[in-house]
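Colleague: After the structure tokens below, expect a handful of questions from me.
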Amino acid sequence: MAAVPRGNGAHVTPTFMVDGLVVADMGSGETVEAWLGRLELA
């Protein structure tokens, strides 16, 4: 179903969300360290 993701701002795949917010500037090509830094877990 496309309606739910599009309602959340997800128009392409993969689309990443953190706490219900689209993280448009991060993607599957990012390193684990980059994601941890983005999530302030590093």
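The values are calculated or read from the model by the stated rules, or taken from the named source; none is laboratory data. For clarity, every value in this text was computed on a predicted model and none was experimentally measured. Note that we place each Cβ from the backbone using ideal geometry, even for glycine, and neighbour counts take in every protein chain shown.
Colleague: Select, from GLY37, GLY27, GLY9, the only residue that is of a type in the set (Gly, Ala, Ser) and at pLDDT 85 or above.
Modeller: GLY37
Colleague: When you look at VAL32, is it at pLDDT below 80 and surrounded by fewer than 10 Cβ atoms within 10 Å (Cβ to Cβ), yes or no?
Modeller: Spelling it out, it is not the case that VAL32 is at pLDDT below 80 and surrounded by fewer than 10 Cβ atoms within 10 Å (Cβ to Cβ).
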